[in-house]
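Trainee: Input: one structure, supplied below.
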Amino acid sequence: MFDEFVRQVRTLLLRLRRAERRELREFRRWAETTDRLVHLSVLVFVPLLIGLVTLLSNAVPQLSFLLFPPLASGSYTLFANPRGKYADPGQFVAGLTIGAACGLGALWLSTALLTPPTGQFQVAAGAAVLATLATGLVTWPFDIEEPSAYSTALLALLVQPAQRLSFLGSIFLASSIVAVVFVVWRNRFYDRRATVLYESTTGDDHVLVPMRGEHAHATAMLAARLAAAHEAGKVVLLDLVEDATVAETERAMLNGGVETGTVEAGGIDKSGEVSDTLRERVGRLESRAATVETRVGVPCQVVVATGEESAAATTLRAAESTNCDLVVAPYESAHGALTTYLRQLFRGRTDVLVHRSRNGRTRWRQVLVPVRRASDVAHHMVDFAVRLAGGSGRIAVATCIGTGGDRRRAESMLADIVEPFAGAIETRVSGTDIHSFLDRTGEDYDLVIIGASQDRSAASRFITPPTFERLDDIETDVAIVDRNH
């Protein structure tokens, strides 16, 4: 009784852990986009920094509470646009400090020359004019314009005479704390988000290739070039065999020995000898594995799989057993659509790339990546393009907005997508639809990498079929990418 209870508790804990990991993985993928990452950082760091400065203000009476409004707005400006015009930490500190100094100077001058108002929180109009004018005149030539400097200058007009020097010091100290935290966050996390946050750039280095179709060798080379981007990369060539006896014979041949028998099957004749067809098949697999290792320099092995389940299920099971996190499969179509095999791969839990080869190309230096929006799949596709093109290749990331789209927003979205990746990446915004754009420019590239649109509803896909299903007229290689895990 007690043992059964313990077993049930352990089962429940395992399920909770799996659910927790799944939720964490989903949250991480949701937070991959730059826009969401920036908003999350604003929600976390700005309140924490203001809270820290508040603790210091409560502990040190000389720190004036008047510094909080410009500090909060300035902190938001830094974190909300980390690579924008006003995201310079030195400019941030200097701007706020100079604004406070100009405000205090204007206060001293107006007190000496003008009759100050008698109210507690009233300020002479002339002092306000002098404070803002001095701030603009001083920050402009030194190129340290900071929007919050003007609010600091005006708040300085409310400072009591005995607190003026401490107010100036508190502005410098508090802004310096914010600037240091911002620099650490931007350099250690934001600028490295492709490797720290994006799962696509750290995974997909063990690649399984089902050897099916006319251009399976080209698909294997594409998989090898993807795996070669990581030191631990490897390629597994998968041969799917329906007959278990043939599969055992093929495995024996690949391992250097043949177990003969008297079973009549697809690869063994009546005398128990291995047929020439099977020998040729094994030799072709070994030759392709050797070519991958020689030309690309990544380890390559051949495995043989069989099973009573569907070919797609056998493929996914083989990927799991060989510790592969990406399946790169040759393109197959039936009646103008993907075959059932490929559609079942898309529904699995392993990342999938379907490669349509036009002429057996094995090197892709010029890569086009059309994207609809910023997402983890978009990052995935750009990462693949960078791996394939290499340092000397040409990569273009494009989006199509039609005739009435927002070009500025599209350009900003593309900039956010490509910024984390190393190398020169061109961005293109087209005022046409995606099909017209690809018809006109697709053949200028060696490869077009496009998403599988698995995030769309069935109704949407029925009304407007996925883009990759309408690319038959483009005479270039196509890679269809989907993230499943």
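Trainee: What are the principal axis extents of the Cα atoms in segment 199-360, in Å, biggest first?
Mentor: If we take the Cα atoms of segment 199-360, the spans are 51, 37, 32 Å.
Trainee: What whole-number distance in Å separates the alpha-carbon centres of segment 42-57 and segment 281-339?
Mentor: That distance is 53 Å.
Trainee: Which whole number of Å³ per residue matches the convex hull of the alpha-carbon atoms in segment 363-480?
Mentor: Output value, Cα hull per residue: 99 Å³.
Trainee: What order, most packed first, do the peptides 399-412, 87-100 have when packing is the mean number of other Cβ atoms within 10 Å of each residue?
Mentor: Highest to lowest by the protection proxy: 87-100, 399-412.
Trainee: At a 10 Å Cβ-Cβ cut-off, how would you order Ile425, Ile417, fewest neighbours first?
Mentor: Sorted ascending by nearby Cβ count, the order is Ile425, Ile417.
Trainee: A further question on this structure: Name the long-range amide H neighbours of Asp351: under 5 Å, sequence gap of 5 or more, or other chain; modelled H, no Pro or chain starts.
Mentor: Val327, Asn484, His485
Trainee: 5 Å is the cut-off here: which amide hydrogens, built 1.01 Å from N in the peptide plane, fall below it relative to Glu419, excluding neighbours closer than 5 in sequence?
Mentor: none
Trainee: Using θ = phi - 60° and the Karplus form 6.51 cos²θ - 1.76 cosθ + 1.60, what ³J(HN,Hα) does each residue of segment 157-170 get, whole Hz, x for Gly and Pro?
Mentor: Running phi through 6.51 cos²θ - 1.76 cosθ + 1.60 with θ = phi - 60° gives 5, 9, 6, 6, x, 6, 10, 5, 5, 5, 5, 5, x, 5 Hz.
Trainee: To check you understand DSSP bridge types, tell me what percent of the beta bridges within segment 325-430 (both residues inside) are antiparallel, rounded to 5.
Mentor: Among the beta bridges of segment 325-430, antiparallel pairing accounts for roughly 10 percent.
Trainee: What list of ³J(HN,Hα) values in whole Hz, one per residue of segment 324-332 in order, does the Karplus curve 6.51 cos²θ - 1.76 cosθ + 1.60 (θ = phi - 60°) give from phi, with Gly and Pro shown as x?
Mentor: 9, 9, 8, 10, 10, 10, x, 5, 9
Trainee: Then there's this: Just to check I understand the Karplus step: with θ = phi - 60° and J = 6.51 cos²θ - 1.76 cosθ + 1.60, what whole-Hz values come out for segment 33-41, glycine and proline as x?
Mentor: Each residue's phi maps through the Karplus curve to give 5, 4, 4, 5, 4, 5, 5, 4, 5 Hz.
Values quoted throughout were computed directly from the atomic coordinates according to the rules given, and no laboratory measurement underlies them. Keep in mind the model is a prediction, meaning the values are calculated, not measured. Don't worry about glycine lacking a Cβ; one is built from the backbone with ideal geometry, like all the others, and counts go over all protein chains shown.
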